[in-house]
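Down below is the structure, laid out as structure tokens.
The values are calculated or read from the model by the stated rules, or taken from the named source; none is laboratory data. Note that the structure is predicted; figures quoted are calculated from it, not measured. So basically every Cβ, Gly included, is an ideal-geometry build from the backbone, and we count neighbours across all protein chains shown.
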Amino acid sequence: MKLIFEKSVPGRHCDMLPKCDVETVALPESLRRQTPPALPEMSEVDLSRHYTELNQHVHGVNCGFYPLGSCTMKYNPRIDEEMAALPGFTGVHPLAPAYAVAGCREVLDTAKRYLCEITGMTGMTFQPAAGAHGEFTGVLLIKQYHKSRGDEARTKIIVPDSAHGTNPATAAMCGYQVVNIPSAPDGCVDLEALKAVLGPDTAGLMLTNPNTVGIFDENILEITRLVHEAGGLCYYDGANLNAVMGVVRPGDMGFDCIHMNLHKTFATPHGGGGPGACAVGCKAFLEPFLPQSALMDEPGHLQVRSFAGNFLVVVRALTYLMTLGREGVPEAARNAVLNANYLMRAIQGTFDLAFDRTCMHEFVLDLSEYKKETGVSALDVAKSLIDYGMHPPTMYFPLIVHEALMLEPTETESKETLDWAADVFRQLYELGRKDPAYMQEAPHNAQIGRPDEVLAARHPVVRWQKA
Ligand SMILES: *Cc1c(COP(=O)(O)O)cnc(C)c1O
């Protein structure tokens, strides 16, 4: 498809401005552009068709199944968008005086109350722009806490090898040394390995629970107890909260602070870079170290982002929470777990399960044996799924499973969709045995087949430049 710039025809336009009824004043020459801006020139219908065509080339939750593990690509109810589009929210100025934005403050306060209730925390900030930023904020709380006690010898953060890549990156960004511990064969934290690294230099532990292989760590209370006993704090990566919200609380598991990816768990359309928002919650003793944003605070407070963060994502999250209510939130979590287990068992018997046990909201397939037998890799299967109109699952993550495909169907999919998805996996399993070459060249019906991912990551071309 052509870029909008390539469709441009000089002189074409679709603006219909009223006739100017005030005196025109010419800008001084020094303030004027030397060359006109390279903006595309189009008629309204061509413009409209351009965006419709773009829309047809992307895959979103509204197009089809999107089981991207660890990302919670659930359906986002339209009412969330309607609320976030209310002019009272979209038109508010970040520097408006507090008395003029009492409604916005109430949104933040109510969302905070609900999310604290769900997580078992007492303090919260909505400043961070996404999960990774929230981790950074949360680990800074831990750092400030130790510092406030003069306990400067704590220089290490423990991170299991199954962690999301952002966890070690966060710890390093906060100036900590990262201590990796291996997982036990069941995918959970290896208690002996944890004990071996705990000590007076432990600042804290960062943990995802349920973890990145979709398993709820049965030793969670023992884990947080051990870390506290060593004088460290426990950080909960809440990206997987969709599995447990309203059912169990990280605060009760012994965690001191948590981040929630509002865009994942609490229904904001995400992917492709945004928009996101993160709530960082903490226990009372960490509250003094929270960024003092809320809304329209006096200047001079510690902030990790401007103003109140991505406020409209919080509006969506609150709408979502209020729509589901006290009964609906745990029901969503339970259905997410049910759907994942249903799909896992429906696929079983074809590709190997990385861990053959009841999972939480997601599960991981291990294609290493299959690849040895057929030459078809996890990547080839992922690419083949595109031809069926399914978004590929997360690939090659977590790193502890080789040839991993990680599926998270979410609670919003029907049994029919799950049956269809399982059937596609079964078909591909057979196809790889019969015609591996075909799958190694997939996708066959996509706009873009197999881009050079290294090149795309190292030298991304994200800007059109006039020839
Ligand atoms: C998505 C995710 C993150 C990072 O969140 P972003 O909003 O993408 O920055 C961190 N940890 C886990 C386990 C995740 O799934």
Name every residue in region 31-48 that is within 21 Å of LYS2 (Cβ to Cβ), part of a loop (DSSP other than H, G, I, E, B) and polar (S, T, N, Q), in order of residue number. SER43
Could you please find all residues in region 161-172 being within 11 Å of the ligand (Cβ to nearest atom), without any contact (Cβ under 8 Å) to a residue 60 or more places away in the chain and crowded, with 22+ Cβ neighbours inside 10 Å? THR170
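Of all residues in region 182-193, which are aliphatic (A, V, I, L, M) and surrounded by 22 or more Cβ atoms within 10 Å (Cβ to Cβ)?
Of region 182-193, the ones aliphatic (A, V, I, L, M) are 184, 189, 191, 193.
VAL189, the sole residue that qualifies.
Being within 11 Å of the ligand (Cβ to nearest atom) and either under 27 Å from GLN292 (Cβ atoms) or surrounded by fewer than 24 Cβ atoms within 10 Å (Cβ to Cβ) (or both) narrows it down to one of GLY131, GLY175, so name that one. Quick ask: steps written out before the conclusion?
Details: GLY175 fails: within 11 Å of the ligand (Cβ to nearest atom).
One residue alone meets the criteria, GLY131.
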What number of residues within region 249-259 are within 13 Å of the ligand (Cβ to nearest atom) and in contact with a Cys (Cβ under 7 Å, 6 or more places away or on another chain)? 1
Number of the exception - THR72 against (1) in a loop (DSSP other than H, G, I, E, B); (2) at negative phi: (2)
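Take the residues of region 365-379 that are surrounded by 18 or more Cβ atoms within 10 Å (Cβ to Cβ) and touching a Pro at 6+ places or on another chain (Cβ under 7 Å): which is nearest to LEU241 (Cα to Cα)? Show your work before the answer.
Looking only at region 365-379, we keep the residues that are surrounded by 18 or more Cβ atoms within 10 Å (Cβ to Cβ), and these are 365-367, 370-371, 374, 376-379.
Then keep just the ones that are touching a Pro at 6+ places or on another chain (Cβ under 7 Å); that gives 374, 376.
Working: THR374: 37, VAL376: 33 Å.
So the residue we want is VAL376.
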Quick test for you: out of LEU198, LEU262, LEU233, pick the one residue that is under 27 Å from LEU405 (Cβ atoms), touching a residue at least 24 places away in the same chain (Cβ under 8 Å) and either touching a Phe, Trp or Tyr at 6+ places or on another chain (Cβ under 9 Å) or more than 14 Å from the ligand (Cβ to nearest atom) (or both). LEU262
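Tell me yes or no: at least one residue of region 321-338 is touching a strand residue (DSSP E or B) at 6+ places or on another chain (Cβ under 6 Å) and of a type outside the set (A, V, I, L, M). Break it down stepwise before answering.
Filtering region 321-338 for residues touching a strand residue (DSSP E or B) at 6+ places or on another chain (Cβ under 6 Å) gives none.
Checked region 321-338: no residue is touching a strand residue (DSSP E or B) at 6+ places or on another chain (Cβ under 6 Å) and of a type outside the set (A, V, I, L, M).
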Can ALA336 be described as touching a His at 6+ places or on another chain (Cβ under 7 Å), at pLDDT 95 or above and either assigned to a loop (DSSP other than H, G, I, E, B) or closer than 30 Å to HIS57 by Cβ (or both)? yes
Search region 445-467 for residues that are surrounded by fewer than 10 Cβ atoms within 10 Å (Cβ to Cβ) and pair each with any residue that is among the aliphatic types (A, V, I, L, M) when their beta-carbon atoms are under 6 Å apart and the residues are at least 6 apart or on different chains. LYS466/ALA38
Need the failing condition index for GLU218 against (1) surrounded by fewer than 24 Cβ atoms within 10 Å (Cβ to Cβ); (2) in contact (Cβ under 8 Å) with a residue 60 or more places away in the chain; (3) farther than 26 Å from PHE285 by Cα, just the number. (2)
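Being among the aliphatic types (A, V, I, L, M) and either over 17 Å from HIS361 (Cβ atoms) or surrounded by fewer than 18 Cβ atoms within 10 Å (Cβ to Cβ) (or both) narrows it down to one residue among ALA277, ALA243; which is it?
Numbers: ALA243 fails: either over 17 Å from HIS361 (Cβ atoms) or surrounded by fewer than 18 Cβ atoms within 10 Å (Cβ to Cβ) (or both).
After ruling out the rest, the residue left standing is ALA277.
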For region 419-467, which positions are among the small types (Gly, Ala, Ser) and in contact with an Asp or Glu (Cβ under 9 Å, 6 or more places away or on another chain)? ALA421, GLY432, ALA442, ALA446, GLY449
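Do we have any residue at all in region 112-124 that's closer than 22 Å to LYS283 by Cα and small (Gly, Ala, Ser)? Before you say what the answer is, go through the steps one by one.
Our first condition is that a residue be closer than 22 Å to LYS283 by Cα; within region 112-124, this holds for 112-124.
So of that shortlist, the ones also small (Gly, Ala, Ser) come out as 120, 123.
The answer is yes; a qualifying residue exists.
Which of the helices (runs of 4 or more DSSP H) found entirely inside region 376-467 contain at least 1 residues meeting this: over 30 Å from GLU41 (Cβ atoms), touching a Leu at 6+ places or on another chain (Cβ under 7 Å) and among the small types (Gly, Ala, Ser)? Lay out the reasoning, then the answer.
Numbers: elements: 378-387, 415-434, 436-440, 453-458.
Because the criterion is at least 1 residues that are over 30 Å from GLU41 (Cβ atoms), touching a Leu at 6+ places or on another chain (Cβ under 7 Å) and among the small types (Gly, Ala, Ser), the helices (runs of 4 or more DSSP H) in region 376-467 that meet it are 378-387, 415-434.
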Filtering region 126-149 down to residues that are more than 18 Å from the chain's Cα centre (by Cα) and aromatic (Phe, Trp, Tyr) yields TYR145
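Yes/no matrix, rows are residues, columns are (1) over 18 Å from the mean Cα position of the chain (by Cα); (2) more than 23 Å from MET206 (Cα to Cα):
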{"position": "GLY238", "(1), (2)": "no, no"}
{"position": "MET253", "(1), (2)": "yes, no"}
{"position": "GLY271", "(1), (2)": "no, yes"}
{"position": "GLY276", "(1), (2)": "no, no"}
{"position": "VAL304", "(1), (2)": "yes, no"}
{"position": "ALA308", "(1), (2)": "yes, yes"}
{"position": "ALA317", "(1), (2)": "no, yes"}
{"position": "TYR320", "(1), (2)": "no, yes"}
{"position": "ARG326", "(1), (2)": "yes, yes"}
